[in-house]
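The values are calculated or read from the model by the stated rules, or taken from the named source; none is laboratory data. Since this is a predicted model, take the numbers as computed values, not measurements. Counting neighbours? That spans all protein chains shown, and the Cβs are built from the backbone with ideal geometry, glycine included.
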Amino acid sequence: MFDLSSAHFAFLDIETTGLSPWFGDRICQIAILLTEGRRIKSSLDVLINPERPLSPAAVHVNGLDESELANAPRFEEIAVQLESLLSDKVIVCHNAKFDIEFFDSEFRKLGRAVEFPNLIDTLLLARQYFDLPSYSLHHLADAFQIPVDLGLSRPQADALTAKNVFFAIMDVLKSSGKPLDEYIGIYNSPAWPDEGVQLPIELGEAIYSGKRLFLRYMNKDGEISERWVSPQKVIGLTDYVYLQAYCHTRQAERTFRLDRILDVMVEVESNTP
C-alpha cells in the first residue's frame, strides 16, 4: 500500500507536434518532476527532435523553435533514461490519456509496449470530487489558489502545477480516509482509443460546451480567418482529426483540422453577433 507522505511520484507533462499520435504527431518536449511525498527530489526538462514539423496550433501554443528541436535528441536516444526515471513511480498527469497515449506511440515506434501500473489522473480526480465550471489545469490552480511559476518552460510549469493541484486535492479528500491506492489506475497499451481522440482540456471543454465558438483558423495555405461556428462532432478522417461544425460565416457545414485552430473562445451569451 502506498503512503502519500513517502510514495515516489513522477509528475509528467509533455508538448507535442499536434493533437493525435494516431495520425503521426509526436512528443517534442517532456518535463518530469520526481518527488518523495511532497518533497521535490529531481526534475527533467528536455526538448526532443520530433522528426516532423510542428502544427500551426502547436507553434501558437508552445512557441517552440523548430531549429532548436532539429538539434535536440530523438526520443529513441532518451527512451532508456525516461524508463529509468518513471520505473516504480506513481505517475501523475493532468488529462493522463493525452500524455500517456503519446508515450505509448513513441515506445511502439521502438518496438516496445509501455505499461504504467500506477497512474493517477488529476483531471479525473477533480471531475469526480469537485463541481467546477472548468477542469483545465490552470482553472484548478485558480480554484485551489495555487500560483503558477511563469519563469519555467510550459511543460515544467504544468508538471509543477499538477503536483500542487494533486496534493491540494489529497488534502481535501483526507477526511474520506481512503488510501492512496484507491486513486490509482492502470494504463495498458491500446490498439486504438476506445473513447475517441483525447483532446486538450481547454479545446475539449469548448467543443463540447454546447455553445457557439469563435475560431481563429489557419488553412493549408497559411491564411488566417475568424468565424463563429456551432460544433457538431469531432471526427477522424483519413489524414487527421477534424471538427465538424456549422459555420455561421459561410452559412454552411464545414470541417476544420484541429491542429490548425489557433484560438477558440466560447460565446458568453446566446445573442453574440
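Things to note:
- Check on residue 38, closer than 26 Å to residue 221 by Cβ and either in the same structural domain as residue 256 (by TED's automatic domain parsing) or of a type in the set (Lys, Arg) (or both): no
- Boolean, residue 54 is hydrophobic (A, V, I, L, M, F, W, C), without any contact (Cβ under 8 Å) to a residue 60 or more places away in the chain and in contact with a Ser or Thr (Cβ under 7 Å, 6 or more places away or on another chain): yes
- Some residue of the stretch 97-115 being within 21 Å of residue 38 (Cβ to Cβ) and either assigned to a strand (DSSP E or B) or at pLDDT 90 or above (or both): no
- Residues (more than 24 Å from residue 110 (Cβ to Cβ), surrounded by 23 or more Cβ atoms within 10 Å (Cβ to Cβ) and among the acidic types (Asp, Glu)) located in the stretch 8-42: none
- Summed over the stretch 235-255, residues that are touching a residue at least 24 places away in the same chain (Cβ under 8 Å), assigned to a strand (DSSP E or B) and surrounded by fewer than 20 Cβ atoms within 10 Å (Cβ to Cβ) total 2.
- In the stretch 167-212, the residues that are modelled with pLDDT under 70 and either outside any loop (DSSP other than H, G, I, E, B) or among the aliphatic types (A, V, I, L, M) (or both): 186, 187, 188, 191
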